[in-house]
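The values are calculated or read from the model by the stated rules, or taken from the named source; none is laboratory data. Just so we're clear, the structure is a prediction, and the values are computed from it rather than from any experiment. Every residue, glycine among them, receives a Cβ derived from its backbone with ideal geometry; neighbour counts consider all protein chains shown. For the accessible areas, the whole protein counts, side chains as well, though only heavy atoms, and no ligand, DNA or RNA atoms are used. Shrake-Rupley method; radii C 1.70, N 1.55, O 1.52, S 1.80 Å.
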Amino acid sequence: MPLNLACKPAVLCTFLCLTVSLLSVVKAEDPYRFFDWNVTYGFIYPLGVRQQGILINGQFPGPDIHSVTNDNLIINVYNSLDEPFLLSWNGIQQRRNSYEDGVFGTTCPIPPGKNFTYILQVKDQIGSFYYFPSLGFHKAAGGFGGIRILSRPRIPVPFDDPAGDYTILIGDWYMSNHTKLKAILDSGRKLPFPAGILINGRGRGGYSLTVEQGKTYRLRISNVGLQNSLNFRIQNHKMKLVEVEGTHTLQTTYSSLDVHVGQSYSVLFTADQPGQDYYIVVTSRFTAPVVLNTTGILHYSNSAGPVSGPFPGGPTTQIDWSLNQARSIRTNLTASGPRPNPQGSYHYGMINTTRTIIVANSAGQVNGKQRYGVNSVSFIAPDTPMKLADYFKIQGVFKENSISDRPYGGGLYLDTSVLTLPYRAFVEIVFQNNEDIVQSWHLDGYSFFVVGMDGGQWTTASRNQYNLRDGVSRCTIQVYPKAWTAIYIPLDNVGMWNLRTEFWARQYLGQQFYLRVYTDSTSLRDEYPIPKNALLCGRASGRHTRPL
């Protein structure tokens, strides 16, 4: 049900006051888009069994956000759940404004029965992203949806306008309630294997897409699941990759595409086959002997008949196949990005790095319970968001550099891990995966350059194989088993930023930490002040933001 602000005058008054005050924070000439969302529980049947889901305005998945570069998004979220709630915006960089990031390290949860108005600007961004609930295990119940940021009309796009533009949210799914899954993790146990895969909230045969023969369409595919890499393909159709998490790519054609958990891809396909119905197929990767699968239907408007027979097979355990595909994804250096200058005008490979950080994931037991960590530290959330503690100078919430910038081989231990790095540093991060599963890492607030990935242990000699010319710029990257992935990041966004695994059970049990990108400057050119409407919790309760 859409949120009815008329019956909540206090909420409406606050909302209008905030809107008026926005002019002091963002440029008045950039357009505004307003969204009113009511978050509720509701019954859903994604795999044919009734379960409790999280709905936004009665929808599962939630509504898409359509925007244009530099738009201001005013998203009023009313929490009608019986527990605190937060939304985060996977890939939205929150330039100079980590307060709006929507993870616990930066933003206080929205209490039950209360609202919070996110004030976001999709500054200097284009592309395909998604939002999701970041607290606890809410992500296993829904509450996610697509985000698209279109180029401004005067900025050329390196392909013709498609006949249709569709969000495709894929992900593994459990039939157990999210509270039961959380209880399993809280008890120190591992989650069981997922029950199935969803396409836009629907199980096998539940999703269909109608196309006209001869026309070309765009699909924005995001893996919003909890842990599994997935392979996406359309029977008898080729897909041309055109964009990855805000970067126009070389337009390489694929028969199928690996989408690791947390990642987003845009592809074009042409309805160039005989008029009938075809399978849309999503299968799990690296899960043999059990392989999850689901199908949707690509329906030609002039179809002569339904799909029949088995769906087309795809890769299952082939790591080299996936690695080679990942290496083939490159930046289109001549295409414009959010601005009319070519994406290749920033020569990242000619800049000397100022620091190397090696991030190693691990699993183990702490106090007899399953935990996961980074460089031996398993993250625990404090009683106050670290960003608020930093702003109000509250002692004892976190310690700077409470995590090492490389693994030292010790056993797992619990801490609120924060690594402080200087503003405008140019940093190399190496993700070292010594485990037997594919990992997936995401960094809030940034897009980074993927410069290399390979099997074995990373060494300084590994830099000899780096791609220093057209590595793709993105915000979520996979690391293959017993392998490494290296990225370059210009730290040009002040704030407190979450670096986490996208395997949600691992994230919940400690495989994450925060990068504190810091400057002594108090200039608005470097960082916005705390929002006037910021929720204050923990030891920040009762304090004051700047005057209205």
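Structure notes:
- Positive-end ranking of Tyr174, Gly164, Met239 along the dipole of the range 152-262, with charges on Cβ about the Cα centre, is headed by Tyr174.
- Under 12 Å from Lys123, Cα to Cα: aspartates and glutamates that are on another chain or at least 8 residues apart: Asp30, Asp71
- Extended-chain gain in nm, criterion 0.36 nm per residue less alpha-carbon gap, Gln52 and Ala304: 86.9 nm
- Residues Thr317, Thr476, sorted by accessible area with the largest first, give Thr317, Thr476 [1.4 Å probe; ligands and nucleic acids excluded].
- For the range 320-361, chymotrypsin sites (Phe, Trp or Tyr not before Pro) meeting the loop criterion (DSSP other than H, G, I, E, B) and having at most 10 other Cβ atoms within 10 Å: none.
- Of the cross-linked pairs Lys114/Lys532; Lys190/Lys238; Lys190/Lys482; Lys114/Lys387; Lys180/Lys387, those separated by over 28 Å at the C-alpha level are Lys190/Lys238; Lys180/Lys387.
- Span from the the range 507-548 Cα centroid across to the the range 232-304 one, whole angstrom: 40 Å
- Amide H partners (placed H, <5 Å) of Thr210, local residues excluded: His299
- Were the residues from Arg424 through Asp160 laid out at 0.36 nm apart, the gain over their Cα-Cα distance would be 91.4 nm.
- Translational diffusion of the range 348-540, µm² s⁻¹ [Kirkwood Rh, Cα pairs; Stokes-Einstein; 25 °C; 0.890 mPa s]: 141 µm²/s
- The range 146-165-the range 346-415 distance, computed between alpha-carbon centres (Å): 38 Å
- Applying the criteria of a DSSP loop state and at most 10 other Cβ atoms within 10 Å to the trypsin sites (Lys or Arg not before Pro) of the range 359-410 yields Lys393.
- Karplus-derived HN-Hα couplings along the range 312-327 (A = 6.51, B = -1.76, C = 1.60, θ = phi - 60°), whole Hz, x at Gly and Pro: x, x, x, x, 10, 10, 6, 6, 4, 4, 5, 4, 5, 5, 4, 5
- Value of Rg to Rh for the range 32-150 (Rh from inverse mean 1/r over Cα pairs, i.e. Kirkwood): 0.96
- Projecting the Cα positions of Asn375, Ala534, Ser362 onto the charge dipole of the range 348-540 (unit charges on Cβ atoms of Lys, Arg, Asp and Glu, taken about the Cα centre) puts Ala534 furthest along the positive direction.
- Charge dipole magnitude, Cβ of K and R +1, D and E -1 - the range 140-188, Cα centre, debye nearest 20: 200 debye
- Loop-exposed GluC sites (Glu not before Pro) per DSSP, neighbour cap 12 Cβ within 10 angstrom, longest uninterrupted part of the chain: 30-399
- Here the simple spin-label model places points 7 Å from the Cα toward Cβ, and for Gln395 and Leu150 these points are separated by 5.4 nm.
- Per-residue Karplus couplings for the range 110-123, computed as 6.51 cos²θ - 1.76 cosθ + 1.60 with θ equal to phi - 60°, are listed in order as 7, x, x, x, 10, 10, 9, 9, 6, 10, 10, 10, 7, 5 Hz, Gly and Pro entered as x.
- Helix-only CD estimate at 222 nm, as mean residue ellipticity for the chain, using -39500 (n - 2.57) per DSSP H run (n ≥ 4): -2000 deg cm²/dmol
- Gyration tensor verdict on the chain (Cα atoms; rounded if a/c is under 1.5, prolate if a/b is larger than b/c, oblate otherwise): rounded
- ³J(HN,Hα), Karplus 6.51/-1.76/1.60, whole Hz, each residue of the range 37-53, x for Gly, Pro: 10, 10, 9, 9, 8, x, 7, 10, 9, x, 10, x, 10, 5, 8, 7, x
- Summing Cβ point charges (Lys, Arg +1; Asp, Glu -1) relative to the Cα centre of the chain gives a dipole of roughly 500 debye.
- For the pair Glu83 and Asn367, label points projected 7 Å from Cα toward Cβ lie 1.9 nm apart.
- Using a Förster distance of 25 Å, the FRET efficiency for Thr459-Ser328 (Cβ separation, nearest 0.05): 0.55
- Within the chain, percent of DSSP bridges classed antiparallel, to nearest 5: 70 percent
- Rounded if a/c under 1.5, otherwise prolate or oblate - the range 190-293, Cα gyration tensor axes: oblate
- Potential lengthening of the chain between His544 and Lys190 amounts to 123.3 nm, from the contour at 0.36 nm per residue minus the alpha-carbon distance.
- Distance (nanometres) between label positions extended 7 Å along Cα→Cβ at Tyr32 and Gln213: 5.0 nm
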